[in-house]
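To keep things clear, I will list the structure first and then write my remarks on it.
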Amino acid sequence: QVQLVESGGGLVQPGGSLTLSCVASGPMYHMAWFRQAPGKEREFVATKERSGGHTYYAGSVKGRFTISRDNAKNTVYLQMNSLQLEDTAVYYCAARTSRIITSQQTSNSAYDYWGQGTQVTVSS
């Protein structure tokens, strides 16, 4: 059974930084991060494919967040800089063993496996 385990969430002040990690129990082609704020729908944050390293970011985080992978460790990271109050959410790791077509890479339904989520709170 495939498992994704996230870590690294916490409380940070506005303008601060935080790095999330997600370890998969096996190799994944696409690994991504989504987030869900209270009272809102889950939204796409970033995705990165295994081969070639193609990445894609939501406009709200582009230039502030960086997704990276260590394929040898089946791990995906999300480096979050210049955090803002509106970045407060539960962050979820998502993955799929096969390639996702470009038009679907931001869609919840394209990913087969999900982590349990890690809370990120940005507050002064």
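The values are calculated or read from the model by the stated rules, or taken from the named source; none is laboratory data. Quick caveat, the model's predicted, so the values are computed rather than measured. Glycine gets a Cβ as well: all are built from the backbone with ideal geometry, and neighbour counts include every protein chain shown. Ligands, DNA and RNA are stripped out before the accessible areas are found, and what is left, the full protein with its side chains, is counted by its heavy atoms. Shrake-Rupley method; radii C 1.70, N 1.55, O 1.52, S 1.80 Å.
Computed quantities for the displayed model
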{"quantity": "Stretchable slack from Q119 to Y56, in nm (0.36 nm times residue separation minus alpha-carbon distance)", "calculated": "20.5 nm"}
{"quantity": "Relative contact order [Cα under 8 Å, 6+ residues apart], the chain, whole percent", "calculated": "37"}
{"quantity": "Accessible area (Å², per residue) of the stretch 14-121, counting only protein heavy atoms and a probe of 1.4 Å", "calculated": "47"}
{"quantity": "Phi-based couplings in Hz for the stretch 31-42 (Karplus 6.51, -1.76, 1.60; Gly and Pro marked x)", "calculated": "10, 9, 10, 10, 8, 9, 8, x, x, 10, 6, 5"}
{"quantity": "Viscosity 1.306 mPa s, 10 °C: Kirkwood-radius Stokes-Einstein D of the chain over Cα pairs, µm²/s", "calculated": "112"}
{"quantity": "Carbon plus sulfur fraction of accessible area for the stretch 50-121, probe 1.4 Å, in percent", "calculated": "46"}
{"quantity": "Other-chain or far-sequence residues with amide H under 5 Å of Q84's (modelled H)", "calculated": "G15"}
{"quantity": "Derived scalar couplings ³J(HN,Hα) [the stretch 77-90; Karplus, 6.51 cos²θ - 1.76 cosθ + 1.60; whole Hz; x for Gly, Pro]", "calculated": "10, 9, 8, 10, 10, 6, 5, 10, 4, 6, 7, 4, 4, 8"}
{"quantity": "Simple label model, 7 Å out from Cα along Cβ direction - Q104 to S25, nm", "calculated": "2.4"}
{"quantity": "Cα-based reach from K73 at 20 Å (exclusive), listing lysines while leaving out same-chain residues under 8 positions away", "calculated": "K48"}
{"quantity": "Charge dipole magnitude, Cβ of K and R +1, D and E -1 - the chain, Cα centre, debye nearest 20", "calculated": "240"}
{"quantity": "Rounded to whole Hz, the Karplus (6.51, -1.76, 1.60) HN-Hα couplings of the stretch 107-122, x for glycine and proline", "calculated": "8, 3, 5, 7, 9, 8, 10, 9, x, 7, x, 9, 7, 10, 10, 10"}
{"quantity": "Segments 67-73, 44-50 sorted - mean Cβ within 10 Å per residue, highest first", "calculated": "44-50, 67-73"}
{"quantity": "Alpha-carbon centroids, the stretch 1-67 and the stretch 89-124: separation in whole Å", "calculated": "6"}
